[in-house]
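K.L.:
Got a structure here, written out as C-alpha cells. Questions coming.
The values are calculated or read from the model by the stated rules, or taken from the named source; none is laboratory data. Everything numeric in this text was worked out from a predicted model, so none of it was measured. Cβ placement follows ideal geometry from the backbone for every residue including glycine, while neighbour counts extend to all protein chains displayed.
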Amino acid sequence: MVNSTNQESIRCRLYILTPPLIPDLNAFARTLEDTLAAGDVACVQLRLKDVDDATIRQAAKALMPVCHAKDVAFILNDRPDLAKELGCDGVHVGPEDASYDEARSIVGPNAMVGVTCRNSRHLAMELAEAGADYVAFGPFFASDTKDVSDREPAELETLSIWSETINVPCVAIGGITVENCEPLVAAGADFLAVTSGVWNYKDGPAAAVKAFNAIFDKTVG
C-alpha cells in the first residue's frame, strides 16, 4: 500500500472485504479468482463473523493463495494471533478489537496493521504516529453487512484533510458502491473498502471490479 500526500498523483484502489459468511468455500475461491482477474485490486480482507477458528483457518488457507497469485495482499480481520499463525500479509483491527500496539506486537514489524478510526482524525493521527500502515474512516453510507445505524456518518472533509496533510494512506469504508463512490475518490481516499458493493453488484463481482477501476481511472485522469 503506497503512501503519498500528493492527491493529484494518487490513483484510488480497491480493498475488497469478503462476505461475513462463506457457505461454499470452493465455489467462493473460484469466484474470487475471477473477480481479482477483472482489474486492479490492492488487497482482500477475510472478514468472517460468528465462526470458529477452524473455519477462519480453512478459509485463509484456501483464499490466500488465490490472492497471492494475483499479487493481492491478504489481510485478516480482528485476529492478529491467527494472522501471525497463518502468514497473512497483515491484520485489520477496529475499536472493539485488539489495540494497535497489541496487534503490532503479535504480527511483528513486517506485517501490515490497519486500524478503523471512524470519523476521528485525532485518533487516526495518534495511530499513524504509532506506526499504523493505514487508517480507515467510516461509515460513509448505510451498510448491508454491518449495523452502523447508531453511528454518525463520516464526513468527506475527513478524507480531504487527511489526504492533503498526512503521509499515511486512508481507506474509506461503509456501504460503498459503484453508484456512490465518486465523491469519496474525489475527496482523496487512497482505497475504498467494499463488501456487498462487489459481491452483490447487479452484473456480478467481476463487473464491479471493472466498474470501480473505470471510475478510479477517470478520477485520476
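K.L.:
How about region 166-179: which of its residues are touching a residue at least 40 places away in the same chain (Cβ under 8 Å) and more than 14 Å from residue 137 (Cβ to Cβ)? Quick ask: steps written out before the conclusion?
P.N.:
Of region 166-179, the ones touching a residue at least 40 places away in the same chain (Cβ under 8 Å) are 166-171, 173.
Residue satisfying the conditions is 167 alone.
K.L.:
Name the single residue, out of those in region 131-162 being modelled with pLDDT of 95 or more and of a type in the set (S, T, N, Q), that is nearest to residue 104 (Cα to Cα).
P.N.:
Only one residue fits best here, namely 158.
K.L.:
Applying the selection to region 101-117, what residues are of a type outside the set (A, V, I, L, M) and surrounded by fewer than 20 Cβ atoms within 10 Å (Cβ to Cβ)? Walk me through how you get there before you give the answer.
P.N.:
In the first step, residues of region 101-117 are kept if they are of a type outside the set (A, V, I, L, M); the result is 101-102, 104-105, 108-110, 114, 116-117.
Across region 101-117, the qualifying residues are 101, 102, 105, 108, 109, 110.
K.L.:
Please give the number of the condition residue 45 fails out of (1) assigned to a loop (DSSP other than H, G, I, E, B); (2) in contact (Cβ under 8 Å) with a residue 40 or more places away in the chain.
P.N.:
Unmet for residue 45, out of (1) assigned to a loop (DSSP other than H, G, I, E, B); (2) in contact (Cβ under 8 Å) with a residue 40 or more places away in the chain: (1).
K.L.:
Give me the pairs: first residue in region 95-109 and within 9 Å of residue 80 (Cα to Cα), second residue among the acidic types (Asp, Glu) and not in a loop (DSSP other than H, G, I, E, B), beta-carbon distance under 8 Å, and six or more apart or on different chains, which are they?
P.N.:
Sorted first by the residue in region 95-109, then by its partner, the pairs are 106/81.
K.L.:
I'd like the residue in region 118-130 that is under 25 Å from residue 82 (Cβ atoms) and either in contact with an Asp or Glu (Cβ under 9 Å, 6 or more places away or on another chain) or modelled with pLDDT under 95 (or both) and, out of all such residues, is surrounded by the most Cβ atoms within 10 Å (Cβ to Cβ).
P.N.:
Ranking the qualifying residues of region 118-130, first place goes to 118.
K.L.:
Just name the residue that is farthest from the chain's Cα centre (by Cα) out of those in region 110-141 that are among the small types (Gly, Ala, Ser) and over 16 Å from residue 47 (Cβ atoms).
P.N.:
Once the filter is applied, the top-ranked residue is 130.
K.L.:
Scan region 74-83 and tell me whether some residue there is small (Gly, Ala, Ser) and either out of contact with any helix residue (DSSP H, G or I) (no Cβ under 7 Å at 6 or more places or on another chain) or surrounded by fewer than 21 Cβ atoms within 10 Å (Cβ to Cβ) (or both).
P.N.:
No, that holds for no residue.
K.L.:
For region 84-100, how many residues are within 18 Å of residue 22 (Cβ to Cβ) and crowded, with 21+ Cβ neighbours inside 10 Å?
P.N.:
Going through region 84-100 one residue at a time, the tally reaches 2.
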